[in-house]
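Contents: one structure, followed by commentary.
The values are calculated or read from the model by the stated rules, or taken from the named source; none is laboratory data. Predicted model only: the values in this text are computed from it and were never measured. Glycine gets a Cβ as well: all are built from the backbone with ideal geometry, and neighbour counts include every protein chain shown.
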Amino acid sequence: MLINRNFNNLIKGEDAFANLKIWDRLYKHSTRWGRRGIPLECISLIDMALWDLKAKALGVPVYKLLGGPIRDRIPCYANTAHHLSPDELAQRAINYVKQGFTAVKIRGNTLLTTTEEATARVKTVREAVGPDIKLMVDVNGTWDVETAIRMLKLWEPYHIYWLEEPVPPDDTYGFVQVHKVARELGNFVATGEQHGTLYDFRELIEADAVDIIEPDGAYCGGITEFLRIIDLARSYSVMVSPHVLQHMHLHLVASFLETMWVEFFMVDNELMNFLLRLFPEPKEALQHRDGMLDLPKAPGFGLKMDPELAERCKVKES
């Protein structure tokens, strides 16, 4: 609705190849609408549609427009953020490792579980997958600084690769405090899925609050702003791990050495099951081989929508 009512007149009749001009116009017109959240998500979606349109007009995948590919296959880690018992979660993680994944991520969100349950998950999954698999934990910004530091110390024997969103996204000072302790313990701090635009990531990086940033193309400002964020990260030697959206982000990971991998969701993962059903193609984004994705060949992002599911979910204006 926001796109139809507010953004439509700002882009109607514009050249789809003028994505920089369009992005700046949309952003400057919407800063008083909230600057983040839904307005920025709308800009992100419009921008990704423009990149898709440009690539389709040229008959190439999006990664070709980005200067890629620099990789023949796309590395992934397995999102294992199912809310299961520790034993069930460990079995799911083992299954993913057997399929070729070398890294898995679980959740410890205190809105959905306790710190005691999170510790049981960490311990059980680590014992199940062994010492050589990278294990990450995402708490979705639901801890405070004291809890994050206490849990990092408690989890030291389990060799967590990164702790994700340990404190709320606006608490840059809190990130700095957690990052200091994590560095001493040999853990990384990752965040970014709730941060928008280059400016949020500049604040995080210049404050030395994070090791790995996780922009989400559907939230940070689309591909156009994502490219600016990658340039920023490169200048500070910070690595980039895109958040979800494997259909789109595989094009970025195919094109930039600063990007680590794609966050891969299996169809059994309820967090992304709907999106994977809504966009059943490109198959390359859904079917991994040994924990890696093949490069898609279709023009644009190669997305094909399930029309029946899309129609059932359409929000109709009153």
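Would you confirm whether or not the range 16-24 contains a residue that is over 22 Å from the mean Cα position of the chain (by Cα), free of Cβ contacts under 8 Å to residues at least 12 places away in the same chain and either crowded, with 17+ Cβ neighbours inside 10 Å or not in a helix (DSSP H, G or I) (or both)?
Scanning the range 16-24, I find at least one residue that is over 22 Å from the mean Cα position of the chain (by Cα), free of Cβ contacts under 8 Å to residues at least 12 places away in the same chain and either crowded, with 17+ Cβ neighbours inside 10 Å or not in a helix (DSSP H, G or I) (or both), so the answer is yes.
Can you name the residue in the range 249-274 that is surrounded by 14 or more Cβ atoms within 10 Å (Cβ to Cβ) and free of Cβ contacts under 8 Å to residues at least 60 places away in the same chain and, of all such residues, is farthest from L45 (Cα to Cα)?
E258
Here are some residues: A285, A310. Which one is surrounded by 15 or more Cβ atoms within 10 Å (Cβ to Cβ), of a type in the set (A, V, I, L, M) and touching a helix residue (DSSP H, G or I) at 6+ places or on another chain (Cβ under 7 Å)?
A285
Go through the range 116-126 and give me each residue that's crowded, with 19+ Cβ neighbours inside 10 Å and touching a Phe, Trp or Tyr at 6+ places or on another chain (Cβ under 8 Å).
We begin by selecting, within the range 116-126, every residue crowded, with 19+ Cβ neighbours inside 10 Å; these are 118, 121-122, 124-126.
Matches in the range 116-126: V122, R126.
For the range 205-218, name all the residues that are crowded, with 24+ Cβ neighbours inside 10 Å and within 23 Å of V137 (Cβ to Cβ). Show your work before the answer.
Of the range 205-218, the ones crowded, with 24+ Cβ neighbours inside 10 Å are 210, 213-215, 217.
If the condition is that a residue be crowded, with 24+ Cβ neighbours inside 10 Å and within 23 Å of V137 (Cβ to Cβ), then V210, I213, E214, P215 are the ones that fit.
Here's a check for you: in the range 290-313, which residue that is over 20 Å from the mean Cα position of the chain (by Cα) and in contact (Cβ under 8 Å) with a residue 60 or more places away in the chain is nearest to R71 (Cα to Cα)?
Checking each candidate, the answer is K297.
For (1) crowded, with 21+ Cβ neighbours inside 10 Å; (2) touching a helix residue (DSSP H, G or I) at 6+ places or on another chain (Cβ under 7 Å), each residue gets a yes or a no:
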position: T114; (1), (2): no, no
position: A128; (1), (2): no, yes
position: P131; (1), (2): no, no
position: M136; (1), (2): yes, no
position: T142; (1), (2): no, no
position: I149; (1), (2): no, yes
position: P157; (1), (2): no, no
position: W162; (1), (2): yes, no
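Would you pick out the residues in the range 33-51 that are assigned to a loop (DSSP other than H, G, I, E, B) and surrounded by fewer than 16 Cβ atoms within 10 Å (Cβ to Cβ)? First the steps, then the outcome.
Keep residues of the range 33-51 that are assigned to a loop (DSSP other than H, G, I, E, B), which gives 34-37.
Passing the criteria: G34, R35, G37.
Looking at the range 102-112 only, could you name the residues that are modelled with pLDDT of 95 or more and either surrounded by fewer than 17 Cβ atoms within 10 Å (Cβ to Cβ) or in contact with a Cys (Cβ under 8 Å, 6 or more places away or on another chain) (or both)?
None; the set is empty.
Residues being out of contact with any helix residue (DSSP H, G or I) (no Cβ under 6 Å at 6 or more places or on another chain), closer than 27 Å to S44 by Cβ and in a loop (DSSP other than H, G, I, E, B): count how many of those fall in the range 167-194.
7
Being buried (at least 18 other Cβ atoms within 10 Å of the Cβ) and either among the small types (G, A, S) or without any contact (Cβ under 8 Å) to a residue 24 or more places away in the chain (or both) is the filter here, so list the residues in the range 175-190 that pass it.
A182, A190
Can you tell me which of (1) in the same structural domain as E193 (by TED's automatic domain parsing); (2) of a type in the set (G, A, S); (3) loosely packed, with under 15 Cβ neighbours inside 10 Å is the one A81 doesn't meet?
Evaluating A81 over (1) in the same structural domain as E193 (by TED's automatic domain parsing); (2) of a type in the set (G, A, S); (3) loosely packed, with under 15 Cβ neighbours inside 10 Å leaves (3) as the failure.
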